[in-house]
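Engineer: This structure is in C-alpha cells; I'll ask about it shortly.
We did not get these values from a lab; they are worked out from the coordinates using the rules stated. A quick note: this is a predicted structure, and the numbers were derived from the prediction, not measured. Neighbour counts run over all protein chains shown; Cβ positions are idealised from the backbone, glycine included.
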Protein chains: 2
Amino acid sequence: MINNPVKNFVEKLSIKNNPKVVVVGGGTGLSVLLRGLKKLTPNITAIVTVADDGGGSGILRQEMGMLPPGDIRNCMVALAEVEPLFSELINYRFTEGSLKGQSFGNLFLAAMNGISPNFETAVHNMSNVLKVRGRVLPVTVDNVNLEATLVNGEKVLGESRIPEVAREQNSKIKKTSLVPADVTPLPEALEAIAEADLIILGPGSLYTSIIPNLLVKGVPEAIYTSKAPTVYVCNIMTQPFETSDYTAYDHYKAIIDHSYNTIVDYCVVNSTSIDDVKRDKYSKEGSVPVKVDRDKFKDTQVQILEADLINPQDPLAHHDTEKLAKLLISICKSKR
Amino acid sequence: MINNPVKNFVEKLSIKNNPKVVVVGGGTGLSVLLRGLKKLTPNITAIVTVADDGGGSGILRQEMGMLPPGDIRNCMVALAEVEPLFSELINYRFTEGSLKGQSFGNLFLAAMNGISPNFETAVHNMSNVLKVRGRVLPVTVDNVNLEATLVNGEKVLGESRIPEVAREQNSKIKKTSLVPADVTPLPEALEAIAEADLIILGPGSLYTSIIPNLLVKGVPEAIYTSKAPTVYVCNIMTQPFETSDYTAYDHYKAIIDHSYNTIVDYCVVNSTSIDDVKRDKYSKEGSVPVKVDRDKFKDTQVQILEADLINPQDPLAHHDTEKLAKLLISICKSKR
C-alpha cells in the first residue's frame, strides 16, 4: 500500500515489466489515457461500453442493427501502431452529403462487422488491420441501452439523451441502469480482469462511459475478485448535468453505488490548479474543477493519489496522457 | 507482325521480361484482365474512366462533389496484394440503412479524398494502402460526364442513363462525347502510354467504359504516337442497347470513329462457341455472342487474334483472366 502520495510518486516505485493493464470506460477520456499507456506496456486490454446511441454511432446502430462503433473505434485508434496516414483516414469525418459528420472509422467497423461472423470478431479483425498494441473488447456484445433515473423521478432511456433531458428538467442523475438489465459480459473481458496487474476505471464521463461497464453483471464482481489494484481516475472538471457540482468523493460514491461493493483502491485526482483562462472556458457551460474532499474518504480504504496531471499544451483542462499513464503504471502492486 | 493466329499462339512468342503494359477502360471487364495480368508483369498502368455517374459512385459524386470512385476502386482491388480479409472488406457492400448497396471501397476512396490534397493523390494513397501492384490512374481529374447521341437524334446526358434511354426509345447509340468536351488528361497517363510496351483497350463496355477514355483529348493521340502495339479486346457478348447486334468490326469501328485515327493494331476475339445454357441466360436480355466478321477487317491493318478466352468455371460467358492475360502479354513487340 502507498502511504504517502507525493509529487514524485512515480519515481519512488519500481515498475513491473510489461504489466497487464485493464482499462475500463469509453469516450475520448479513455483514448487519451491509452495513447500514453501503450508506450509503457504492450499488455493493455481496453474494456469499452457499448451503450452509446448518439451521433454517428447511433445512426449506424439504428440503421444497421450493429453495436455502436464509436467508443471502440476511438480506443483502437489510440492503440494503433499503423502509419499516420491510415490513422488520419480512420479519424476522418465526412464533411458533405448524407454521411456528413460520420466517422470513416465507424464505417470501417460497420463494414468489418458485415463480413465477420460477429461483432467481437469484427473488432478483433479491425484491431489487426490497425496493428493495435493490446486488445480492445466490448464489455458485452448484447444490444443494450442505458437508462437514467433523475433525482426528480423522471426516467430517461438512451445514453445520448440523458444529459440533455437532465438539463431540460433541471434535474440530476440519481442512478443508471441497463435495458435490458441482464446482459452477458464478454468472457475475454472477465478473463482480462482476472489476470490483470492493474485495473483502471476512466478517465471519462462518469455515468455514460464508466458506469455502463460496471452495470454489466459479472464485471464489478470480477474487478472485486481480481488481485490487481483498482484505480479510479477522477475527472478534472465536472460535466454539466451529468456530474454538476460533484466532488471527487461524489464521483467515487456513484461508482460504488453502481457496483454493489467497494471495488476502488485508489482514486487519482489532479493537484494542479486550473488557470483562469481555462476556468472561464468551462464556467460558461456550468463546468468547474472537481473538488477533492479528502475528509470524506477517511472512512474508506481508498488512497487518494494527487498529482499534476494537466496537459499544459492543451487549451482545455485535459489529462496529460504521459503524466497520467506514468502515475498509473506505477501502481502495479497486488491489493488487499 | 503476327501472321498466323493459332491456338498455341502464346507459346510461339518470346515474352519480354516485365513489359510495361497500359490498360485502358473501366468497369468489371478491366478488373478481370488485371487480375491475370498482375501475375505476368509488375509494370501495369490502368487508365480508368471517370465519367460514371450511376450507383454508389453516382451518389458519392453528387453528394460529395468527388470523382466517381467505383471503376478506380475495382482496378485497385484487382491489382491489390493486400491480405484477402482486407480485399473482402474493400469489396463489401452495405446491406442495410441509407448506405445499402454502397461499396465500402468507394467510401474508403471518398475518405482518402477528404484527407488528400486532390483526387489523384487519394488514388495514389489508397493504392499504397492496398499494396497495388502497378498503378491506377484516372484518365482525367476534371469533372466530366458522358453524353450519347442516339440514332434517333436524341441526346442523353449521363453515362448511367444511356442504355436505359436507348432501351426506352428503342434506339441505338450513334456517338458519344464528353461534357465539357475539353478536359485535361492526367500527364502521368500520357507518359505511361508513351513509355508502354503494350497498350490494351478493354475488355469492357464499349461506349461507357472504353470510349470515354478515348474522348479525352490527347489520349488517342498518345496511343497513336506510342511505339507500343495497341490491342482492342473485343467483348464476347453484345450488350443490349449499348452494342446490340454489333459485330467485332462494329466494335472496332466505333473505337476508331471516336479516336479520329486508327489506333488499333490487334483485335482479340474469342474463338470458343458459347454453349446453349450460357446463350439462353443472355438471350433473355437481348445479348448474343459477338460475330467475328473477318472480311470487314481486310481493308484495315488490324490483325485478328482469335483464341479460346472463355472461363469454363464461370456460369456466364466471361473472359478467363489467365488465358486473356497470357495472350495479351505475348504481343509485346513494337508496332508499325
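Engineer: Summarise the long-distance tail of P(r) for the stretch A:41-115 by giving the % of C-alpha pairs beyond 21 Å.
Structural biologist: More than 21 Å apart: 26 percent of the Cα pairs in the stretch A:41-115.
Engineer: Then there is this: How big is the Rg/Rh ratio for the stretch A:83-185, C-alpha atoms only, Rh by Kirkwood, two decimals?
Structural biologist: In the stretch A:83-185, Rg relative to Rh is 1.08.
Engineer: Let me ask something else. Could you put A:LYS20, B:LYS155 in order, starting from the residue whose Cβ has the fewest other Cβ atoms within 10 Å?
Structural biologist: B:LYS155, A:LYS20
Engineer: Oh, and also: For A:125-138, what's the mean count of beta carbons from other chains sitting within 10 Å of each residue's beta carbon?
Structural biologist: Average per residue, whole number: 1.
Engineer: Counting Lys and Arg as +1 and Asp and Glu as -1, what is the net charge of the other residues whose Cβ lies under 11 Å from the Cβ of B:ALA166?
Structural biologist: Taking every Cβ under 11 Å from that of B:ALA166, the sum is 0.
Engineer: Let me ask you something else. Taking amide H positions as placed 1.01 Å from N in the peptide plane, with prolines and chain starts having none, which residues 5 or more places from A:LEU309, or on another chain, fall under 5 Å of its amide H?
Structural biologist: Under 5 Å from the amide H of A:LEU309 lie the amide H atoms of A:SER271, A:THR272, each far enough along the sequence or on another chain.
Engineer: Only loop residues by DSSP count here, and only those with at most 16 other Cβ atoms within 10 Å; note down the GluC sites (Glu not before Pro) in the stretch B:50-127 that meet that.
Structural biologist: B:GLU81, B:GLU96
Engineer: Convert 37 °C to kelvin, take the viscosity as 0.692 mPa s, use the Kirkwood radius over C-alpha pairs of the protein assembly as shown as Rh, and evaluate the Stokes-Einstein diffusion coefficient in µm²/s, rounded to a whole number.
Structural biologist: After rounding, the answer is 116 µm²/s.
Engineer: Using r as the Cβ-Cβ distance of B:GLN301 and A:GLU96, and R0 as 41 Å, what FRET efficiency do you calculate, to the nearest 0.05?
Structural biologist: The value I calculate is 0.25.
Engineer: Other chains near A:59-65: what is the mean number of their Cβ atoms within 10 Å of each residue's Cβ?
Structural biologist: Taking the mean over all residues of the peptide, I get 3.
Engineer: While we're on this one: Evaluate peptide B:112-124: per residue, the Cβ atoms of other protein chains within 10 Å of its Cβ; return the mean as an integer.
Structural biologist: Averaged over the peptide's residues, the number is 2.
Engineer: Just to confirm my numbers, what's the Cα centroid distance between the stretch A:35-50 and the stretch A:172-197 in Å?
Structural biologist: The stretch A:35-50 and the stretch A:172-197 have Cα centres separated by 17 Å.
Engineer: So which of A:LYS174/A:LYS298; A:LYS20/A:LYS326; A:LYS38/A:LYS131 end up more than 18 Å apart, counting from Cα to Cα?
Structural biologist: Beyond 18 Å between Cα atoms: A:LYS174/A:LYS298.
Engineer: If amide hydrogens are placed 1.01 Å from N in the peptide plane, which non-local residues have theirs closer than 5 Å to the one on A:GLN303?
Structural biologist: Here the answer is A:TYR266, A:CYS267, since their amide H atoms fall under 5 Å of that of A:GLN303.
Engineer: So, one more: When you count, for each residue, the other Cβ atoms within 10 Å and take the mean per peptide, how do A:220-230, A:171-181 rank with the highest first?
Structural biologist: Going by the mean number of other Cβ atoms within 10 Å, highest first, we get A:220-230, A:171-181.
Engineer: I would also like to ask the following. Quick check on the stretch A:232-336: take the gyration tensor over C-alpha atoms, sort the square-rooted eigenvalues as a ≥ b ≥ c, and tell me if it's rounded (a/c under 1.5), prolate or oblate.
Structural biologist: In terms of gyration-tensor shape, oblate.
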